1. Check residue 137 against each of (1) free of Cβ contacts under 8 Å to residues at least 40 places away in the same chain; (2) more than 30 Å from residue 29 (Cα to Cα); (3) under 18 Å from the mean Cα position of the chain (by Cα) and name the one condition it does not meet.
2. Testing residue 34 on (1) free of Cβ contacts under 8 Å to residues at least 60 places away in the same chain; (2) at positive phi; (3) assigned to a helix (DSSP H, G or I), one condition comes back false. Which one is that?
3. Test of understanding: among 209, 168, which residue is within 30 Å of residue 16 (Cα to Cα), open to solvent by 50 Å² or more (accessible area, probe 1.4 Å) and either modelled with pLDDT of 95 or more or not β-branched (Val, Ile, Thr) (or both)?
4. What are the residues in region 64-90 that are surrounded by fewer than 17 Cβ atoms within 10 Å (Cβ to Cβ) and not in a helix (DSSP H, G or I), if any?
5. Would you point out which residue out of 46, 14 is in a helix (DSSP H, G or I) and open to solvent by 30 Å² or more (accessible area, probe 1.4 Å)?
6. Quick one: is residue 128 surrounded by 15 or more Cβ atoms within 10 Å (Cβ to Cβ) and more than 20 Å from the chain's Cα centre (by Cα)?
7. Looking only at region 92-107, which residues are assigned to a helix (DSSP H, G or I) and surrounded by 14 or more Cβ atoms within 10 Å (Cβ to Cβ)?
Amino acid sequence: MKFDTHLTLPVVALVILSALFPLAADWHIPLYNGALVADIENGQALWLLFGALFTAWYIKPLERTAGEKQFWLWAVLWWLVLLGRSTSWGRVYFPEAPHIIFRVISVVLVGGLLLSLLSSALRKDIARRIKEMPKPVWLMAVTAITFLISDTVEHHRFLAPLFVRDPHYADLMEELYEIPFMVGLFLVTFYFMKLDKRESSRFEARYQHSV
């Protein structure tokens, strides 16, 4: 396995930002009866939608070779699953709609994500990336840690008091820590997309040179 251990500016910025979040209670940031949390959630939904659209536009999965095509279509589906989960599969915006609709959406998205793994081309490409491609260690670490912190706060786990100084700010802390997670997830995705594009450019250059 290969690792990229460069400490980049986005990583430093995400760490500093995450360290400041617990101070929100000390600064008495107004919650506006939940409106602030709702606005953050809406922003996160837009960000996840952007992640799906940008990935599809930038990497153009259908134009990739076998294996890469399946992998990037799977990545786009991951963004859509995260979007669905963050909006309760659409229930947040359409609370009056029949419950069965949201159930179908969740089954289709999650089912599609899992059934995709039946593709041998996808499994081989995932294994290739794990073995051969460099991984941005610090960026992936910040992304994973902020996700775990958000999950800890949401489910009131043992370490939650380290990040929630005032119970009234628990929901805000959960949403705030999801921000560096989602930004980090996008940056990790972009990192691998750039690697794939670079490899494609090198292959095309070698091919043209040989011709």
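The values are calculated or read from the model by the stated rules, or taken from the named source; none is laboratory data. Here the structure is a predicted model, which is why all the values come from computation and not from measurement. For neighbour counting, all protein chains shown are included, and Cβ atoms are generated from backbone atoms with ideal geometry for every residue, glycine included. To get the accessible areas, we keep the full protein, side chains included, count just its heavy atoms, and leave off ligands, DNA and RNA. Shrake-Rupley method; radii C 1.70, N 1.55, O 1.52, S 1.80 Å.
1. So the condition that residue 137 fails would be (1).
2. (1)
3. On the way: 209 fails: within 30 Å of residue 16 (Cα to Cα).
On inspection, the qualifying residue turns out to be 168.
4. 65, 66
5. 46
6. No: the conditions fail for residue 128.
7. First, pick out the residues of region 92-107 that are assigned to a helix (DSSP H, G or I): 99-107.
If the condition is that a residue be assigned to a helix (DSSP H, G or I) and surrounded by 14 or more Cβ atoms within 10 Å (Cβ to Cβ), then 102, 105, 106 are the ones that fit.
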